[in-house]
Structures are given as C-alpha cells and as structure tokens.
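Before any comments, here is the structure.
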Amino acid sequence: MPAAEDSSLATGRNFSPFLLQLKPSVQMSPLPGWMQLPALVREDLATVEIPLPALWQAPSAEYFAVTVVFRDEGDGGPAVEWRSASGTVSSISQGLGESGTAVGLNARTVLLPQSITREGGVLLVSYYARFDALVSVAARPARGNLLAILGGDSDPVLVDEAFRIFERREVDGFRPQPLSGDLRRGAVVEAELSAAVEPLESEIEFIAPIDGVVEGTMVRIDVLGLDPEARIEVRVNELLAGTLNFPPFRLDDPAIVSDSLGRLIVAGWRTGTLFIPARFLLGGENAIVLSLQRSAVETGRPVFLRNAVLHLRFGSEEAGAPPEPDLMLPDPLLPDPDEIPLPEIITGVR
C-alpha cells in the first residue's frame, strides 16, 4: 500500500513536519502535534536522535518518512538506524550517499519500515567522522492510501505533496543500483547511454547506434546539482531538440535549502526527460549532446548525471509506405461450355 504525505492540516497541527536544521546553525521547528519529545543533537556521538511516537498515538499516521540533506563526499553518506523502546537497534540504511564519487549537496528520503516503527522508538541519523556534513533532517508522518498501478515494471510506495512518485528502490534506504543494460518491452527498447555517475562540466556526448525504423524517442537522465535557474540543452546530430524537463517541486520540501547568499538550491537527484521526434534520428550512429547552460547569478555548483537512458519506439519497416498493388489478378469469368447456346440452323427451300 503506497504511503502519501498528508497536508490536510495546517502548519502547527497534527500532520506538520518536524525539521531540524544543523547548518549554518542548529534550529528546530516547533514540535508538531504528533511529536511528544524534542530531538537531540549528539555531536559527541555524531548522531541526531528524533523520538517518534507509536503509530497508534499519531492520529491518521500509518508511516513515518525521513529526509536527510548532507554534503556527499563519496564516502557512503550518513547511516539511519532505529532504536526500539527496549533498546534494540535496527539498521535501516548503512549509507544514504554515493560511494566513490563526491557529488556535493545531496538529499535522500527514506520510508521507515512500518514493522519496526509501529510501537514507537527513536530515529538515529549518524555521520561518523563527518558530522559537520549533515545539513538538515526532517521527519514527516504519512498516511496509507489504496492505489491501483498499471503495469508490472514499477513499485511505487511513496507520493509527496508535489505528486512526485518514489519507487521502493529509492526510499528503502539501500544505495540505488545503476540502471545498466538494455531492455525491450514490445515495440519499445530502453537502451543504456551511461549508467555511472559522471560530471557534466559544459557538455557531454553519447553515441546511440540505431538499426531500424524509429517512430519516436524519449531521453531520461538523473541529474544532481542543477540550479533552478539553469537548464540542460539536448542536441541530436547537431540539431537542437529542446531542454530537459524536470518535475515541479514545493518550496517547503525538506530537500530545498538555501546557499550562503540566500538563493534556493534543490538538493538530491531529479529525473529529467525530453521527447525527441523521429526526424532528428538517423540510421546508424546518432550523436546526442547534453549542454549545461548555467544562470549568470548561480553559485556554479558541480552538476552530475547518472542512469542516462534512451527509450526508442520502433515501427515496422513498411510503416507509412503505400500498399503494394496486388498483381495476382483473378481469372476472367468464363461461361460453362455446357451452357453455351448452339447457333440456330435455319433450313428451308430455295
């Protein structure tokens, strides 16, 4: 059953989020109605402790979700654990960040397992040896909601207030696996361009070999670090096809933070898409170039890409061609010889 964050009540009432800001200074939002005890910042243990009540004590809440914003240095990121009322500690995530690549400001949302939070306890967010890299931690209640899902290839479990859909692999606390390899679903092929995390400094080129008749293409790429005022242009075979489109976000999303000059930054990975008409594509190799167009007033943070995928819809080779004439003409209709009347013979006297 997917969870949906509840915004039916105004701020300060039962479903308000709890936000703990650590940078540039420690600040806590007012305790919402569902939260009974304040959070603790344990710098000596490099840990933030947030007491969460039993689900039956939080009206209408069936789940809890946590969003952690941090500076990701490629060391795996902060860990998330749960301490029950009996003192038992369970691991939820061994690391929310990237491994091996420092990507800068990152954000991850985790849907806490209902099986361990049902009776209440303490949420533990730890960043050992790098506690100063934690920027903020937000805890939010979520309600259950029946949802019908078409198809069997997705597994959505969380919907936020901007109607962004999170799949289980995004919010289960594990590090998402690269979407490598190609996959075919009927007439649509999902072709990998590049699955690994790589920087976008000014532009990057992908080569997509195409064999067959393509009716349309969709490029889909995860992006981190892009300023809200910047854009990424997509050129196909040296022709401008458009700019990547990103889903909307709410200004009160915990992943929205401000820089040193007070300008808003969207932390974490976002998925950009663009439809590319068939007229841009050629048979054989196609050059797809992504160009970073920065804003004149942004801070110039590094931009990274991952899971670059090209969705191609193939048609038949005869699609759009006029039908060939049918050269198998039917035999002419000939009368039955038995039904051919004999010529009339007239006899008489001359």
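Restricting region 189-263 to GluC sites (Glu not before Pro) that sit in a DSSP loop and have at most 16 other Cβ atoms within 10 Å of their own Cβ leaves E201, E229, E238. Model label points for E43 and E198, set 7 angstrom from Cα along the Cα-to-Cβ axis, are 4.2 nm apart. The mean sequence separation of alpha-carbon pairs under 8 Å and at least six residues apart, normalised by the residue count of region 9-107, gives a relative contact order of 18 percent. The residues neighbouring I149, those whose beta-carbon lies less than 11 Å from its own, together hold a net charge of -3 under the Lys/Arg +1, Asp/Glu -1 convention.
The relative contact order of the chain comes to 19 percent, based on Cα pairs under 8 Å that sit 6 or more residues apart. Each of M28, M218, M35 was scored by other Cβ atoms within 10 Å of its Cβ. Arranged with the fewest first, they read M28, M218, M35. What does the C-alpha gyration tensor say about the overall shape of region 184-314? Classify as rounded when a/c is under 1.5, otherwise prolate if a/b is larger than b/c, or oblate. Prolate. Taken one residue at a time, the phi angles of region 254-268 give Karplus couplings (6.51, -1.76, 1.60, θ = phi - 60°) of x, 7, 8, 10, 10, 8, 5, 9, x, 8, 6, 10, 9, 8, x Hz. Gly and Pro are set to x.
Computed from the C-beta positions of S126 and T88, the FRET efficiency with R₀ = 25 Å rounds to 0.90. Between D153 and T299, the contour length at 0.36 nm per residue exceeds the Cα-Cα span by 48.7 nm. Available extension along the chain between F246 and R313 is 21.9 nm, counting 0.36 nm per residue and deducting the alpha carbon span. Charge tally around I276: other residues with Cβ under 12 Å, Lys/Arg +1 each, Asp/Glu -1 each, net +3.
Which of these, P17, P209, P141, has the largest mean-square fluctuation under a Gaussian network model of the chain (Cα springs below 10 Å)? Comparing P17, P209, P141 in a Gaussian network model of the chain, the most mobile one is P209.
Label-to-label distance, K23 versus A162, with points set 7 angstrom from Cα along the beta-carbon direction: 2.0 nm. Placing a pseudo-label 7 Å from each Cα along the Cα-to-Cβ vector at V188 and L264 gives an inter-label distance of 3.0 nm. Using 0.36 nm per residue and subtracting the Cα-Cα separation, the extra length available between A102 and E233 on full extension is 44.7 nm.
Read-outs: derived from the displayed coordinates by stated rules, not from any lab. Quick caveat, the model's predicted, so the values are computed rather than measured. Quick reminder, even Gly has a Cβ in these numbers, built from the backbone with ideal geometry, and neighbours come from all protein chains shown.
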